[in-house]
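One structure is given here, and the rest of the page talks about it.
The values are calculated or read from the model by the stated rules, or taken from the named source; none is laboratory data. Since this is a predicted model, take the numbers as computed values, not measurements. When we count neighbours, we look across all protein chains shown, and the Cβ atoms used for this are built from the backbone with ideal geometry, even at glycine. With ligands, DNA and RNA removed, areas are computed over all heavy atoms of the protein, side chains included. Shrake-Rupley method; radii C 1.70, N 1.55, O 1.52, S 1.80 Å.
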Amino acid sequence: MSAGPVIPPGGTIGVLGGGQLGRMFAQAATRLGYRVHVYEPQTDCPAGAVAHQEVNAPYEDTAALTAFARECDVVTYEFENVPSAPLQAIEAVTPLRPHWSVLATTQNRSREKRWLRDNKFPHARFAEVAADGDLAAGIREVGVPCVVKTADFGYDGKGQLKVMAEADVLAALQRFSGQPVVIEQFVDFACEVSAVVARSQSAAVRVFPLAENIHTNHILDFSIVPARVPAEVLAQAEKLARLIAEKIDLVGVMGVELFVTKDGAVLVNELAPRTHNSGHYTIDACMTSQFEQQVRAICGLPLGAVTLLSPVVMVNILGDAWHWSDGKVVAEPKWADLLAQPNVRLHLYGKAEPRPGRKMGHFTVTARDADMALELARKYQARL
Ligand code: AMP
């Protein structure tokens, strides 16, 4: 793809999606002197609260999307479940970064897996089953244990089921029959890691330090940086992230989720063509944050240095951290205790209503090494 126009500070950036990723993007963009317009179906969104303008309309409303794009010098997205077809209407008016085709490939698990296979990136063995296909045959082909995932609209473990024994097959058939799915071999991984990679219009590539991720109930709980993995794993993960960004012709930022197997192999799990939850640590512990990097990449500016300034652990704050009784919130988390710690930075997303499993904010803990940061992070999390 040819290099697009440079959009200097003062320009207007449009963001599709008004969640916390859009909010932190808007904060980074406004710091660099840009104007930010947010497009989000729901009113009073976290990003809209810190942007110059918030447009509320459905993603399928091509006329509203076109009018929104006309007001912007470049449009990006913070959410991959934006239907990709209407986005072509945006590209007809204003540059969309990353390009529409990157979103189309990565938002559907079947297309994403096929892309990884066709481009020879290491991944777990998989089979695809169409809506009218034979799910049982697909499970037999991959073998048990496996993970059945809906092809569309999956994130944070939503729309997936682990089939660990023959006895689980029936549950999978009941839940997924009639839906297009991907069935993946279950990876008995040693750990999960992720790399946030940025690629600019001039094809410069930077990969942020690898994060080691611990999930609880399928949702990211802790990101630990530096990842406590061998140097060869670090090098392989960085190489994969860089090659993927180049091959997919990324202009912007992408989260690359990886499994590290017990024998040290690195497999690609998932790609997200946007900033990533595991990259939030970069705001407090890197020279350039992933959000500023997204601004730089899509506006044709030089990419920033990705130097890690301190070992760090990021902790997600879910609605579960509120104090609940009989399904009602009875008390807020103890913010003052957290803010009293000299090595903690707190980020709250301004969401009015906490709900179990809902991402409400995060905090980072810096320390002299990753183990110490994790120990403190667990302690502060338990005290919330
Ligand atoms: P995903 O939504 O595909 O990122 O999956 C959410 C989480 O489920 C991952 O972070 C893993 O912890 C787990 N998971 C997903 N796919 C597999 C797999 N093939 N083998 C083992 N665990 C998996």
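Here are the numbers for the structure shown:
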read-out	value
Three principal axis lengths of the stretch 125-185 [C-alpha, angstrom, descending]	26, 25, 23
Peptides ranked, highest mean first, by Cβ atoms within 10 Å: ranges 43-53, 62-72	43-53, 62-72
Only Lys, Arg (+1) and Asp, Glu (-1) charged, at Cβ; the stretch 225-297 dipole about Cα centre in debye	20
Per principal axis, descending, Cα span of the stretch 1-116 in whole Å	40, 33, 26
Charge dipole (debye, nearest 20) of the stretch 189-383; +1 at Cβ of Lys and Arg, -1 at Cβ of Asp and Glu	320
Accessible area (Å², per residue) of the stretch 47-162, counting only protein heavy atoms and a probe of 1.4 Å	43
Overall form of the stretch 149-282 per C-alpha gyration tensor (a/c, 1.5; a/b vs b/c)	prolate
Highest-MSF residue in the chain out of VAL295, VAL268, VAL93 [GNM, Cα springs under 10 Å]	VAL93
Equivalent ellipsoid semi-axes, the chain, via Cα gyration tensor eigenvalues times 5, rooted, Å	30, 27, 23
Top of THR94, THR216, THR288 by mean-square fluctuation, Gaussian network on the chain, Cα under 10 Å	THR216
Nearby lysines by direct alpha-carbon distance to LYS149 (threshold 17 angstrom, same-chain neighbours under 8 apart not counted)	LYS113, LYS158, LYS162
Accessible area per residue in Å² at 1.4 Å probe, computed on the stretch 239-384	40
Rounded percent of accessible protein surface that carbon and sulfur make up, the chain, 1.4 Å probe	51
Estimated dipole of the stretch 125-185 in Debye, rounded to 20 [Cβ of Lys and Arg +1, of Asp and Glu -1, Cα centre]	160
Long-range amide H partners of GLN201 with built H, under 5 Å	GLY300
Nearby lysines by direct alpha-carbon distance to LYS328 (threshold 20 angstrom, same-chain neighbours under 8 apart not counted)	LYS351, LYS359
Candidates LYS149, LYS359, LYS262, ranked by Gaussian network fluctuation over the chain, Cα under 10 Å, top entry	LYS262
